Amino acid sequence: MANRKRGFLGWTWFVMWRLLLLLALLLLVFRFVAPPTTSFMLQSPYPVTQHWISIDELPSQIPLAMVASEDQLFPEHFGVDFAAISKALNQYDDGEGLRGASTISQQTAKNLLLWPGQSFARKGLEAMLAVSLEAIWGKRRILEVYVNVAEFGKGIYGVEAASQHYFNKSARYLTRNEAARLAVLLPSPRNRDPRNLSPYLRQRVVWVEQQMQQLGTGYLAPILN
């Protein structure tokens, strides 16, 4: 019985560390190669449109708008914002449900490799993968992949596809206001349109632009340059 148990545990470890090695190799490849698809794209109930664009070709206001809206501590944390997680857990204890607290690194990991939902298991995997992305990719690559794989509408993935769909131009030519309008589509992109925002979302756009102004155009320079 003991030998059988040791055999089962040994086999489990044998499989687990090889899966981890495969994941690490996959992330290493995606450090240099654009991911051909993502988990969320594969699970999309809508036809998928996505056009990869290098972060070098994007105006600085696009990543700045995403950071201002989603994760202003992005340059400082290592994939996980523990203060935000603590706040989310306190809200969960108060009966408000498990939500929020995801950094851009976590959202990138989720979009690339995981599935929708708010379970503790998924959140735990998301956090571990986010730390792995920070270690293997670094901030610049995380931002580049994020703006290319985030969903901005029904089957619309990445800022280039979103810009062409909503504004009939490449993301290279987006204005600060248009970048902020795309940023406020998250986290409910399938129910929002940057050309027809609700009063609340129009106020949110103003807030995002104010945050971009306060952070300054050089806020992400150490990451992007």
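The values are calculated or read from the model by the stated rules, or taken from the named source; none is laboratory data. Since the model is a prediction, treat every value here as computed from it, not as a measurement. No Cβ is skipped: glycine too gets one built from the backbone with ideal geometry, and neighbour counts run over all protein chains shown. Calculation scope for accessible area: heavy atoms of the full protein, side chains included, ligands and nucleic acids excluded. Shrake-Rupley method; radii C 1.70, N 1.55, O 1.52, S 1.80 Å.
Quick notes on this structure:
- Spatial offset of segment 28-77 relative to segment 139-177 amounts to 8 Å, using the alpha carbon center of each.
- Relative contact order %, the chain, counting alpha carbon pairs below 8 Å whose residues are six or more apart: 26 percent
- Computed from the alpha carbon positions, the gyration tensor of the chain leads to an equivalent ellipsoid with semi-axes of 33, 20, 18 Å, biggest first.
- Taking all protein chains into account, the per residue accessible area for segment 97-154 stands at 32 Å² (1.4 Å probe).
- Contour excess over end-to-end distance, with Cα ends at Asn168 and Leu25 and 0.36 nm allotted per residue: 47.7 nm
- Length added when fully stretched, Leu9-Leu197, from 0.36 nm per residue minus Cα-Cα: 62.3 nm
- Here the accessible area is traced with a 1.4 Å probe on the protein chains. For segment 12-81, carbon and sulfur cover 69 percent of it.
- Each Lys or Arg adds one and each Asp or Glu subtracts one; over the other residues with Cβ under 13 Å from the Cβ of Ser69, this totals +1.
- Whole-percent P(r), segment 92-225, all Cα pairs, 5 Å bins from 0: 2, 9, 17, 19, 21, 18, 11, 3, 1, 0.
- Among 139-148, 19-28, 123-132, 199-208, the order from most to least packed when residues are scored by Cβ within 10 Å on average: 139-148, 123-132, 199-208, 19-28
- Helix-only CD estimate at 222 nm, as mean residue ellipticity for the chain, using -39500 (n - 2.57) per DSSP H run (n ≥ 4): -18000 deg cm²/dmol
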